[in-house]
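Trainee: Quick one: the structure is below, and I'll ask about it shortly.
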Amino acid sequence: MSKASEGIFDDSVVYITKQGSQVGVDGGRITVYMKDEGEIASFPMGQVDTINIFGNINFTTPFVARANEHGIVLNYFTQNGRYRGSFVPERNTIAEVRRCQYALSEKESLKIAKEIIRGKIRNSRTLLNRKDVSDTGKLAALEAETAGARDLDGLRGIEGEAAEIYFGLLNGCLIDGWTFERRTRRPPEDHINALLSLTYSMMKNEVLSALRQYNLDPFLGILHADRHGRPALALDLQEEFRPIFCDAFALRLINKAMLKHEDFQADNHLKDYAFKIYLEKFDDYMQEEFTHPRFGYTVSRRKAVRLQAILLRKAITGELKKYYPLEFRK
């Protein structure tokens, strides 16, 4: 099936963007169809574990029942990519994993959080180095400081200082015609911030899917404070991916002119056609393979995220003595 169609599909994740379409089931296949156009996309039910829905998309009752039966997670986004919630199937969880997660002490949580933030700062340094932007050694010093953090508040302080330095240098990574002054959210104040926010949202969804696949509660955090409706553990695990996956992807889209200023609306959201381009590029990006820096074998970025969920689970359950973040040295 061509990615030019209204469904974008790899071997496990589907994106549906066609406004007014309906998702149903026909035998062993998931179907996407329009009332006036008929079927516009089709996917094998047994190969899909996640469906991402953007905007006004409807489901048939038989489809939802089959999704529950097959363990398919449905993630809901606004048409512009803002995460709204999920349908999580009734699957048996491994109770022991959840018990270990809920029983994690402050000391154990801090030990894992230190590694996550150290990995994030390391990856921030690596991204800047790849772009020939110098941080004059400040980030390396903060990376080393993480080991001595006495509590989570102290660690958050180190992370915040590192983020301020890092984002202060990000402008040097952009081609002419683009400027990054500071990180802004809710709402992002310019095109680059909007692109970063969208990519963080998409990556959070990847992490959510990985955590659920390995029976961790995504709403019980280690570093981020628990808050109703906020997937704190997904935000924790996402930290190490932000610079080296998310920011690197946003920079690629801009620096290779895959997206331009005219592709954005007045509110800084991508126009409909550009959003479809973005989703296709993001899915391609998550399927790109590299040599894993710790294990030495070839993995896709999507697989790498899921490997980190496994390592996090093993650190939580005590199968590993420490958590090993995904970090790139060059």
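Trainee: What does the extension gain come out to for LYS322 and ARG66, with contour length at 0.36 nm per residue minus their alpha carbon separation?
Mentor: Here the segment from LYS322 to ARG66 would lengthen by 88.3 nm.
Trainee: For the chain, what is the accessible area per residue in Å², given a 1.4 Å probe and the full set of protein chains?
Mentor: For the chain, the solvent-accessible area averages 47 Å² per residue.
Trainee: List the chymotrypsin sites (Phe, Trp or Tyr not before Pro) in the range 203-309 that DSSP assigns to loop (not H, G, I, E or B) and whose Cβ has at most 12 other Cβ atoms within 10 Å. Which are they?
Mentor: In loop regions of the range 203-309 (DSSP not H, G, I, E or B), the sparsely surrounded chymotrypsin sites (Phe, Trp or Tyr not before Pro) are PHE295, TYR297.
Trainee: Please work out how much length the chain gains when fully extended from SER201 to ARG294, using 0.36 nm per residue of separation minus the C-alpha to C-alpha distance, in nm with one decimal.
Mentor: 30.9 nm
Trainee: By DSSP, what percent of the beta bridges with both residues in the chain are antiparallel, rounded to the nearest 5?
Mentor: Antiparallel bridges make up about 65 percent of those DSSP assigns within the chain.
Trainee: Across the range 13-28, in residue order, what do the Karplus-derived ³J(HN,Hα) couplings come to in whole Hz, using 6.51 cos²θ - 1.76 cosθ + 1.60 with θ = phi - 60° and x for Gly and Pro?
Mentor: The phi angles translate into 10, 10, 10, 10, 10, 5, 5, x, 7, 10, 9, x, 9, 9, x, x Hz.
Trainee: Sticking with this one: Just for the range 17-169, what percent of DSSP beta bridges are antiparallel, to the closest 5?
Mentor: Of those bridges, close to 70 percent are antiparallel.
Trainee: For ILE277 and TRP178, FRET efficiency with R0 = 25 Å and r from the beta-carbon atoms, rounded to 0.05?
Mentor: Once the sixth-power term is evaluated, E becomes 0.90.
Trainee: Moving on. Between ARG29 and residues 5 or more places away or on another chain, which pairs have amide H atoms under 5 Å apart, with H built 1.01 Å from N, and which residues are they?
Mentor: Distant-sequence amide H within range of ARG29: MET45.
Trainee: If I model a spin label as a point 7 Å beyond the Cα along the Cα-Cβ vector, how far apart are those points for ASP153 and GLU189 in nm?
Mentor: Placing both labels 7 Å beyond Cα along the Cβ direction yields 2.9 nm.
Trainee: So how strong a dipole does the range 79-145 carry about its Cα centre when Lys and Arg Cβ are +1 and Asp and Glu Cβ are -1, to the nearest 20 debye?
Mentor: Dipole about the Cα centre, nearest 20: 180 debye.
Trainee: Taking the Cα centre as origin and putting +1 on Lys and Arg beta-carbons and -1 on Asp and Glu beta-carbons, what dipole magnitude results for the range 90-230, to the nearest 20 debye?
Mentor: 300
Trainee: In debye, nearest 20: dipole of the chain around its Cα centre with unit charges on the Cβ of K, R (+) and D, E (-)?
Mentor: In total the dipole reaches around 780 debye.
Trainee: Full-extension gain between VAL133 and ASN255, please, as 0.36 nm times their residue separation minus the C-alpha to C-alpha distance.
Mentor: Here the answer is 42.4 nm.
Trainee: Something else now. What share of the DSSP beta bridges in the range 51-102 is antiparallel, in percent to the nearest 5?
Mentor: Here the share of antiparallel DSSP bridges comes out near 50 percent.
Trainee: May I ask you to derive the relative contact order of the chain, considering only C-alpha pairs under 8 Å and at least 6 residues apart, and to give it as an integer percent?
Mentor: 16
Trainee: Can you give me the distance in nm between label points at ALA225 and ASN58, each placed 7 Å from the Cα along the Cα-to-Cβ direction?
Mentor: 4.3
Trainee: While we're on this one: Per DSSP helix of 4 or more residues, -39500 (n - 2.57); summed, then divided by the residues of the chain. What does that give at 222 nm, rounded to the nearest 500?
Mentor: -13500 deg cm²/dmol
Trainee: Would you please give the FRET efficiency between SER109 and ASP36, computed as 1/(1 + (r/R0)^6) with r the Cβ-Cβ distance and R0 = 51 Å, to the nearest 0.05?
Mentor: Efficiency for this residue pair is about 0.45.
Trainee: For ASP217, ASP153, give me the order by solvent-accessible area with a 1.4 Å probe, most accessible first, ignoring ligands, DNA and RNA.
Mentor: ASP153, ASP217
Trainee: Moving on to the next point. Below 8 Å, C-alpha to C-alpha, sequence gap of six or more: please give me the relative contact order for the range 13-140 in percent.
Mentor: About 17 percent, as a whole number.
Trainee: Answer with one residue from GLY85, VAL299, THR179: the one whose Cα lies farthest towards the positive end of the charge dipole of the chain, charges on Cβ with Lys, Arg +1 and Asp, Glu -1.
Mentor: Checking the options against the dipole of the chain, the answer is VAL299.
Trainee: Go ahead and run the numbers for FRET between ARG99 and GLN47, Cβ-Cβ distance against an R0 of 25 Å, rounding to 0.05.
Mentor: 0.20
Trainee: Follow-up. Quick check: with the 1.4 Å probe, what order do HIS261, HIS292 take by accessible area, largest first?
Mentor: Sorted descending by solvent-accessible area, the residues read HIS261, HIS292.
Trainee: If you don't mind, there's one more thing I want to ask. Quantify, in whole percent, the carbon and sulfur part of the accessible surface of the chain (1.4 Å probe; protein heavy atoms only).
Mentor: 47
The values are calculated or read from the model by the stated rules, or taken from the named source; none is laboratory data. This one's a predicted model, so the numbers in the text were calculated from it and none came from an experiment. When we count neighbours, we look across all protein chains shown, and the Cβ atoms used for this are built from the backbone with ideal geometry, even at glycine. In case anyone asks, the SASA skips ligands and DNA or RNA and just uses the protein heavy atoms, side chains included. Shrake-Rupley method; radii C 1.70, N 1.55, O 1.52, S 1.80 Å.
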